[in-house]
Every structure is written in structure tokens, then in C-alpha cells.
Amino acid sequence: MGFLDKLFGKSNKHKEETVVKKEKLKIAIVQGSVREGRNGEEVAKWVYNFAIKRNDDVAYEVVDLAKYDLPMLGEELTEANQVGSETVIKAWSEKMASFDGYIFITPEYNHAIGGALKNALDYLKPEVANKAASFVGYGSLGGARAHENLRLILGELQVADVRTALTFSLMADFENMSEFKPADYHKDNANLMLDQLISWTGAFKSLR
Ligand SMILES: Cc1cc2nc3c(=O)[nH]c(=O)nc-3n(C[C@H](O)[C@H](O)[C@H](O)COP(=O)(O)O)c2cc1C
């Protein structure tokens, strides 16, 4: 209470208090491989476990593309699968729209991302626009070419990708190219990637 208020007995106890509650950022870890026996599952789990241990003010969630049996975009739907497919498309769009940012986990297939992830992204536009993303790739060159491919696609969707990405080598970070055992040095990069992603994810919120 100020000096004059004290002197004249004015009280502010009835003044309405405005409590500004900061909402947690929501970041999806999108597991972009649907292949049976895929390596992507372990990579997504590793990223999730790494991220939650940082205790950021962020709600992380793994979104597994394999759980969304999306038809090919533009595919003619039969009477038998129409309702089911439309439900899945709606669920996918709403799920992706519910996040502020994304970590895309992607393998490299023929120097690009997999067809399933490309098809799934083709369903989206306003759901992801003005949001931030980062990439985690794996392949013989750490999925680096898939990253560059994804960067072009997300540019068209008005998604901003941060510079730092994780590149896991099939030869060095997987035993027998199938058991995920990432080298320790990736942790520094993972922290940098998450720092960049979180700050952009927060900043882009004010644009929407
Ligand atoms: C159709 C196909 C194409 C591939 N092309 C590449 C490639 O161009 N570069 C690469 O580094 N790895 C390539 N690979 C190897 C995959 O990156 C590797 O098998 C990876 O584990 C696939 O991810 P997933 O197990 O999560 O499906 C290819 C694999 C498949 C199945």
C-alpha cells in the first residue's frame, strides 16, 4: 500500500487480483516410421525420456504415426472404409493441431523421409502453421538427407525448423543396425536442439 493510501485509510483488499497463469507448451514427438520392426520406436522413446528428464515447462507426448491408418491423400474411399478413414483423418489433424511444436523422428528412405510421413503431412496446413519444429533422423548418414527433405516440406507448411538436429548413424548408434545404443556425445546436441526448439515454440505462440 502506498503512503497516501495508508494515510487516508484506502484499502486495496477488494481489488481484483489478476493471476496470469502461464500454460505449458505442448511438444509432440512424432514417430514418423510405420514399418513393422522399425528402429524409429526406440529412437522416439529415447528422445522422450531425454526430454522429460530436463524438467522443462513443456508437456511432451509421443505421437505414433503407425496408430493413424491414414489413406493416401486423394484416394477414393469405398463405402466400407469411408467413415473409418474420415475419423482417422480428423483424429490426426486434431492431434497435430493441439501442439505448439514438434520433434519429427524420421528415417531416411531413398534420400528422403518415408512415404507415410509425407502423406500424413500432406493432410496438414493451418494445423501446423506458425509453429516450430526440430528433426531427429537416423540412417547411414544419420538421416541428414531426410532432414533436408523435411525442411523443404515444412517450409511450405509455414513451420519454422531450428538449426540443431540429431543424426543417429545406423552403423555407430545401433548395434547390428537394429539395437539403439546412441553415443553419449548426442546428449549435448539434444540439449541444444531442445533449447532452440523450446524458445521458438514459445515465441511463435504469440503469432497465433
Ligand atoms: C525403402 C528403404 C530405403 C532406404 N533408403 C535409405 C537411404 O537412402 N539412406 C539411408 O541412409 N538409409 C536408407 N535406408 C535404411 C533406413 O534408414 C533404415 O533401415 C532405418 O532403420 C529405417 O527406419 P525404420 O526402421 O524406423 O523404418 C532405407 C531403408 C528402406 C526400407
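Here are a few things to note about the model shown:
- When segment 72-96 is filtered for residues that are small (Gly, Ala, Ser) and surrounded by 12 or more Cβ atoms within 10 Å (Cβ to Cβ), the ones remaining, listed by number, are GLY84, SER85, ALA91, SER93.
- Selection from segment 173-188 of residues that are out of contact with any strand residue (DSSP E or B) (no Cβ under 8 Å at 6 or more places or on another chain) and more than 11 Å from the ligand (Cβ to nearest atom): GLU175, ASN176, GLU179, ALA183, ASP184, TYR185, LYS187, ASP188
- Figure legend. Inter-residue proximity from segment 37-57: first residues without any contact (Cβ under 8 Å) to a residue 40 or more places away in the chain, second residues of a type outside the set (A, V, I, L, M, F, W, C) and within 9 Å of the ligand (Cβ to nearest atom), beta-carbon distance below 7 Å, spacing 6+ or different chains. Indicated pairs: GLU41/GLN31.
- The set of residues in segment 116-156 being assigned to a strand (DSSP E or B), within 12 Å of the ligand (Cβ to nearest atom) and aliphatic (A, V, I, L, M) consists of VAL136 alone.
- Where a residue in segment 127-149 is surrounded by fewer than 21 Cβ atoms within 10 Å (Cβ to Cβ) and its partner, wherever it lies, is assigned to a helix (DSSP H, G or I) and of a type in the set (S, T, N, Q), with Cβ under 8 Å and at least six apart: GLU127/SER93
- Subset of segment 31-55 [in contact with a helix residue (DSSP H, G or I) (Cβ under 6 Å, 6 or more places away or on another chain) and surrounded by fewer than 21 Cβ atoms within 10 Å (Cβ to Cβ)]: VAL34, PHE50
- Taking segment 47-86 as the range and being within 13 Å of the ligand (Cβ to nearest atom) and over 14 Å from the mean Cα position of the chain (by Cα) as the test, only ALA66 passes.
- Selected residue (criterion: surrounded by the most Cβ atoms within 10 Å (Cβ to Cβ)) from residues of segment 157-172 that are outside any strand (DSSP E or B) and either basic (Lys, Arg) or away from the ligand (no atom under 11 Å from the Cβ) (or both): ALA165
- Selection status of ALA91, more than 15 Å from the chain's Cα centre (by Cα), more than 19 Å from TRP46 (Cβ to Cβ) and at pLDDT 95 or above: yes
- In the condition set (1) in contact (Cβ under 8 Å) with a residue 24 or more places away in the chain; (2) farther than 25 Å from SER199 by Cα, THR106 is compliant with all but (2).
The values are calculated or read from the model by the stated rules, or taken from the named source; none is laboratory data. In this text, all values refer to a predicted model and were calculated from it rather than measured experimentally. Note: ideal-geometry Cβ built from the backbone for every residue, glycine included; neighbour counts use all protein chains shown.
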